[in-house]
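Shown next, in C-alpha cells, is the structure this report addresses.
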Amino acid sequence: RLHLLNQGKSWIGHPILRYRIEPRDHMSTTFLMLSFDKGEATTTGKMLRLCPVLGGGIAIVNFFLCIIITKATDVDTGGLDFPYISDTGREGAAYFVFMILTIISFPFQIVTYTLNHHRLNVLRNKVTAGTGFNIARWAALCWGVIGSVGLVLLTSVNTLMDADLHLYSAYVCVVGITLFMCITTSLIARARALAADDVREQLVPRKLWLVKSVVTCFASFFFVIYLPVGLAILCEWDQDPVTKLYDYRNCLETHKLRASCQHLFVWTTLFYLVTLYRT
C-alpha cells in the first residue's frame, strides 16, 4: 500500500509526491480475500472455503462405504468384527470405491493445507511472530501434503498387490497427518497467546481453538495406541501364502485394540480437517 506523506515542488516547479510503502498481509494480496480485516471474501474465496468440507467429507463417506461393502459381501477380515481400514478396501468393489474417492478428495485436501498455510501467515503478520513460526507453518504444509500422498498410495496399492508398500504408506499417512494437526494447533495457540487482547477473539476464537486442541489431543492419543504402543505389544500373525490374506486370531485382542484406535484416529483427523472451514 502507498500512503501519500506530503506534496511539494522541485526547484524548477515540477510537483513532487512523497509516499510511504506499507506492507500488506500476504493473504490480502491474493485473489482469495478482498479484505481479511473485514472478512469480505470473494466468490472464489467462499468456494475455496468448501475444500475442507469436501476433502474431509468425501473421505468420511469413503470409509463408511467400504465398511458397508465389506460387511455386505462377507469379505474375510482375519477374524476381526471391526476390521482394519486396509481390509475394508482391499478387494472387489470396495477397492475401487476406496481408491477412486480417495483420489477425488486428494486435491481438496491439498488446497485445504495450502489455505491453512496462508491463514497461518496472516496470523503471523498480525501478531508479529518470529522466524520459528514461519518455519513451523511450512512444516505443517509439507507434512499435510505428505500424509495425503501416503493416503492415495495406500488406497491404490492394497495388501494383495504389495503388502510392504501398503504398510509403509499407511505409516507415512498417519505420521504426516498427526504432525500437521499438532503443528497447526500449536501455532494457533501461539498466535492466540501473542495477540493483543482487543483482537484475540477476532483472530483466534476461543471456542474454535478449544475444539482444535481437544480433537488434536484425542487424535494424538489414538495415534500412540495404534502405532508405537500397538506395534510394541503386537504378536505375530499369520498370512496365507496362497490368498495373501491375514489371519489375526493368534493376537486377536491386540488387533481389536489397534483396529479400533485406527478408526477413531481417522474419524478425529477428518473432523479436524472439516473444522478448518471456520478459519
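The values are calculated or read from the model by the stated rules, or taken from the named source; none is laboratory data. Nothing here was measured: the structure is a model prediction, and the numbers come from that model. In this analysis, Cβ positions are derived from the backbone assuming ideal geometry, glycine residues included, and neighbour counts consider all displayed protein chains. All accessible areas refer to the heavy atoms of the entire protein, side chains included, with ligands and DNA or RNA removed. Shrake-Rupley method; radii C 1.70, N 1.55, O 1.52, S 1.80 Å.
Heavy-atom accessible area, probed at 1.4 angstrom with all protein chains present, ranks MET99, MET181, MET161 as MET161, MET99, MET181, highest first. Other residues lying with their Cβ under 14 Å from the Cβ of VAL215 contribute a combined charge of +3, Lys and Arg counting +1, Asp and Glu -1. Accessible surface for VAL127 stands near 10 Å², nearest 10, in the context of the full protein assembly shown (1.4 Å probe).
If I compute solvent accessible area with a 1.4 Å probe over the protein chains, what percent of it on the stretch 100-144 is carbon and sulfur? On the stretch 100-144, the fraction of accessible area on carbon and sulfur atoms equals 73 percent. Rolling a 1.4 Å probe across the protein heavy atoms gives the stretch 195-253 an accessible surface of 65 Å² per residue. Neighbours of CYS235, meaning other residues whose beta-carbon lies under 15 angstrom from its beta-carbon, give a summed charge of -1 when Lys and Arg score +1 and Asp and Glu score -1. Each residue was assigned an accessible area with a 1.4 Å probe, and for TRP138 the value is about 120 Å².
Here ASP247 sits with roughly 50 square angstrom of accessible surface, probe radius 1.4 Å. Applying 0.36 nm per residue to the separation of LEU167 and PHE82 and subtracting their alpha-carbon distance, the gain on full extension is 28.7 nm.
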